[in-house]
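Please read the structure below before turning to the comments.
Read the figures in this text as sums done on the coordinates, not as results from a lab. Bear in mind the structure is a predicted one, so any value in this text is a computation, not a measurement. Positions of Cβ are generated from backbone atoms using ideal geometry, with glycine treated the same way; all protein chains shown enter the neighbour counts.
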Amino acid sequence: MHMQAALNAQPRSHLFSRFPKFTSHDAEEVRHQVSRIFCDHDLKVVGKSQALNTQIHFRPGKRVSYGRMLYGATVDIEPGKLDDFYLIQIPVAGQETIECNRQSVHSNPSIATIISPDLEFRMRHERHAEKLFIRVERNAFEQQCAQYYGQGVRGALNFDPAIPLNTPVTQSLKRLLDWQLLEASEGELFNQPLIAARFEETLMVSLLCSLSHNQQHTIDPTTVAPGFIKRAEDYIQHHAHLPLTAGDIAEHVGVSIRSLFAGFRKYRNTSPIKLLKEVRLERVRSDLERPAAHTNVTQVALRWGFTHLGQFSADYQQRFGELPSATLKRHVS
């Protein structure tokens, strides 16, 4: 409820205002600048009476990037193929029409789209259309798909382009997208590499689970052996300082994410993510016991990937019998 209220309080047409990329009325400059963010394409203004008033706001990321854009005129765009990234488009006003994979999708605030890099497409962006977009790098997404299903991608990972946002599953996905877009626009959590990596993985897995695509497989989770669990535990211990995700752990030990979680549940009665949290709590305690100048609890907690500070304090107290502030206080000279 609070999350949705926060989103409603922030007009979607103002998201990413602190990340301006460019504004232009010149068609060739617009084509050039948009190509730098996405890919080379043909751009044509529809009708001689229209003039561009293009605005793009863009927050780049390592695997996932976020932004908002409008053209200010009706334009036809023909990129061919995206090649090296997936593009999720969520109109906040107006309409655009996407022709992709022998489908024509009339996209509006109730119907988002996802364009797969291996499929040719073109689109018409209407004059009053404005949209939020998410760019997901192809290598990262296909690697995540392989990690999740426990086997390599069979050909290209292709999604059905239309995302109707009125089903129970896609409404849940929309709430996740809304929160990530709001946090990427207004918050600070994406500045923390450990946290950003978890958010990116959550987004990619949620898209795989929520949308129709050509890579769904049936996995038998009983194939995990105790040897894999020990290797995963060692990997977590030695790499807890990195932006480690469940997918990274699964890939290292050579099993799927589903099998990894099933193995931890069967042989350790826990999960790899819970173990990672325990290891990081230990590292937080170690840092608080050996504080540098100006060390504070919030700084250390965020560095180790703990974003909900109230829950972090409760977990820390349950684990060590005292609040993290008490640990720090005892060791400040």
**Asked** Can you run phi through the Karplus equation (6.51, -1.76, 1.60; θ = phi - 60°) for the stretch 249-265 and list ³J(HN,Hα) in whole Hz, with x for Gly and Pro?
**Response** 5, 4, 5, 4, 8, x, 10, 7, 4, 4, 5, 4, 5, 5, x, 5, 5
**Request:** Please state the charge dipole magnitude for the chain, taken about the Cα centre, from unit charges on C-beta atoms (+1 on K and R, -1 on D and E), reported in debye and rounded to the nearest 20.
**Result:** 860
**Asked** Between Asn53 and Ser212, what is the spin-label point distance in nm, taking each point 7 Å from the Cα along the Cα→C-beta axis?
**Response** 3.9
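With the contact rule set at Cα under 8 Å and sequence spacing of 6 or more, what percent relative contact order holds for the chain? Spell out each step's value before the answer.
Working: 581 pairs, mean separation 43.6, N = 333.
Relative CO of the chain lands at 13 percent.
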**Prompt:** With the Cα gyration tensor of the stretch 49-188 giving a ≥ b ≥ c as the square roots of its eigenvalues, does the rule (a/c under 1.5 for rounded; else a/b larger than b/c for prolate; else oblate) give rounded, prolate or oblate?
**Reply:** prolate
**Asked** Put a dot 7 Å past each Cα toward the Cβ at Asn139 and Glu278; how far apart are the dots in nm?
**Response** 3.5
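Need one word for the stretch 26-114: rounded, prolate or oblate. Basis is the Cα gyration tensor (sqrt eigenvalues a ≥ b ≥ c); a/c below 1.5 gives rounded, then a/b vs b/c decides. If you can, show how the numbers build up before the last one.
On the way: a/c = 1.36, a/b = 1.12, b/c = 1.22.
Rounded is the answer for the stretch 26-114, as its axis ratio a/c remains below 1.5.
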**Asked** Which value at 222 nm does the chain reach when only helices count, each DSSP H run of 4 or more adding -39,500 (n - 2.57), with the total divided by all residues and rounded to the nearest 500 deg cm²/dmol?
**Response** -13500 deg cm²/dmol
**Request:** Can you put Glu188, Glu201 in order of Cβ neighbours within 10 angstrom, beginning with the fewest?
**Result:** Glu188, Glu201
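Only counting other Cβ atoms within 10 Å, I'd like Ile37, Ile90, Ile115, Ile195 sorted with the fewest neighbours first. Before the final figure, lay out each step's value.
Values: Ile37 16, Ile90 23, Ile115 26, Ile195 20.
Sorted ascending by nearby Cβ count, the order is Ile37, Ile195, Ile90, Ile115.
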**Karplus-derived 3J(HN,Hα), 6.51/-1.76/1.60, for each residue of the stretch 113-125, Hz, glycine and proline x** = 9, 10, 9, 8, x, 8, 10, 6, 7, 8, 8, 10, 9
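Using Cβ contacts closer than 10 Å as the measure, can you line up Tyr71, Tyr148, Tyr267 from fewest to most? Could you put the intermediate results ahead of the total?
On the way: Tyr71 26, Tyr148 22, Tyr267 14.
The fewest-first ordering by Cβ neighbours comes to Tyr267, Tyr148, Tyr71.
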**Asked** For labels at Arg36 and Thr298 in the simple 7 Å Cα→Cβ model, what's the distance in nm?
**Response** 3.5
**0 to 90° range, to nearest 10: angle between helix 193-210 axis and the chain longest Cα axis** = 60
**Request:** On a 0 to 90° scale, report how tilted helix 168-186 is relative to the longest principal axis of the chain, with both axes built from alpha carbons and the result rounded to the nearest 10.
**Result:** 80
**Message:** Going Cα to Cα from Lys277, which lysines come in below 20 Å? Please leave out same-chain ones fewer than 8 positions away.
**Reply:** Lys230, Lys266
